1. Do the conditions hold for ASN159, that is, is it part of a loop (DSSP other than H, G, I, E, B), modelled with pLDDT of 95 or more and within 27 Å of the chain's Cα centre (by Cα)?
2. Return the residue satisfying two criteria in turn: it lies in region 87-105 and is more than 29 Å from the chain's Cα centre (by Cα) and assigned to a helix (DSSP H, G or I), and of such residues it is farthest from GLU62 (Cα to Cα).
3. Collect the residues in region 38-70 that are more than 21 Å from the chain's Cα centre (by Cα), over 12 Å from TYR86 (Cβ atoms) and assigned to a strand (DSSP E or B), keeping them in residue-number order.
4. One residue is enough: does region 87-95 have a residue meeting the conditions within 30 Å of THR217 (Cα to Cα), surrounded by fewer than 19 Cβ atoms within 10 Å (Cβ to Cβ) and touching a residue at least 12 places away in the same chain (Cβ under 8 Å)?
5. Which of the following residues is farther than 30 Å from LYS136 by Cα, exposed (fewer than 11 other Cβ atoms within 10 Å of the Cβ) and of a type in the set (Gly, Ala, Ser): SER12, SER102?
6. Return the total of residues in region 6-59 being in contact (Cβ under 8 Å) with a residue 24 or more places away in the chain and among the aromatic types (Phe, Trp, Tyr).
7. Please specify each residue of region 205-238 satisfying the condition of being assigned to a strand (DSSP E or B), under 18 Å from the mean Cα position of the chain (by Cα) and among the charged types (D, E, K, R).
Amino acid sequence: MSDHWEVYLSKSKTVVRVDVGIVGNAPIDGAKILMEVNMKSRSIFSKKLDNELLGTVEDEIESHLTELDYVVGAITYADSKSFYYYTKHKDSLFNMLNKALSKYKKLKCVISIGEDPNWEFYLKTLYPDDFEKQRKIDREVVEQLKANNDDLHIPREINHWVYFLENKNREDFKRNLDSNFYKIVEEGTLQESEYPYRLIISHTSTVEFETINKITTELLKKTIEADGNYDGWESPVIESK
């Protein structure tokens with residue numbers, strides 16, 4: 001539906017691929033039927049997914065979708081993969097799926113159908129929440145540091161940017177910080193900004209993914225509680241010797 005797709009690891013450790021570019025249009029009027037197509041190998045000897053075959057099937061299905069059908073995402077589990085479609089015409093999509101899937105004998109395919117007029121599955125399950133988005137961003141930053149030969153195990157000072165609606169929110173946030181771990185680097189006020197009250201804080205730690213994500217998760221939670229906007233972190237590159 002759009003060219004803006006994202007892939008992330010969910011809290012339940014499944015891999016989610018979702019069209020995030022349509023969130024502003026959801027729900028689409030009339031497309032109240034949600035279909036899930038779950039595919040897994042029929043082999044009793046291996047649970048490993050045949051990703052090349054799944055990709056072929058997915059492409060064939062999408063080539064037969066009409067302007068009444070909307071592909072919104074997919075979830076990859078340990079031994080299967082589900083694809084999700086909203087539609088304005090249940091029977092046409094169901095018949096097309098049955099016809100397309102019947103050719104692939106190596107796959108066990110199950111089609112599930114339900115009503116979801118408000119697109120709750122897309123908005124609450126497929127679309128990443130703030131913590132899943134932050135986890136994805138953290139992983140990307142850590143990978144960028146690694147690409148620059150950073151030794152992630154070396155502690156260093158890391159800055160975080162947080163913005164607030166009101167100065168009171170910023171003061172509440174500061175009071176809830178562990179002063180033994182975080183220090184205030186800078187405070188300021190921006191002009192013509194939705195969140196004009198800026199706060200830069202820092203802490204010292206290593207930047208292995210799980211370490212930094214635990215910290216950003218805590219800061220994001222505190223920021224949300226204070227009606228603020230957490231805007232990420234920055235680390236210097238410390239090269240391996």
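1. Spelling it out, it is not the case that ASN159 is part of a loop (DSSP other than H, G, I, E, B), modelled with pLDDT of 95 or more and within 27 Å of the chain's Cα centre (by Cα).
2. ASP91
3. Listed by number, the residues that qualify are MET39, LYS40, SER41.
4. Looking through region 87-95, none of the residues is within 30 Å of THR217 (Cα to Cα), surrounded by fewer than 19 Cβ atoms within 10 Å (Cβ to Cβ) and touching a residue at least 12 places away in the same chain (Cβ under 8 Å).
5. Just a single option satisfies the conditions, and that option is SER102.
6. Selection size over region 6-59: 1.
7. Across region 205-238, the qualifying residue is only ASP231.
So that you can scan it fast, the table gives a plain yes or no per residue for (1) touching a strand residue (DSSP E or B) at 6+ places or on another chain (Cβ under 7 Å); (2) assigned to a strand (DSSP E or B); (3) without any contact (Cβ under 8 Å) to a residue 24 or more places away in the chain:
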{"residue": "LYS108", "(1), (2), (3)": "yes, yes, no"}
{"residue": "ILE111", "(1), (2), (3)": "yes, yes, no"}
{"residue": "LYS124", "(1), (2), (3)": "no, no, yes"}
{"residue": "ASP138", "(1), (2), (3)": "no, no, no"}
{"residue": "GLN144", "(1), (2), (3)": "no, no, yes"}
{"residue": "HIS153", "(1), (2), (3)": "no, no, no"}
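The values are calculated or read from the model by the stated rules, or taken from the named source; none is laboratory data. Please read these numbers as outputs of a predicted model, since none were measured by experiment. So basically every Cβ, Gly included, is an ideal-geometry build from the backbone, and we count neighbours across all protein chains shown.
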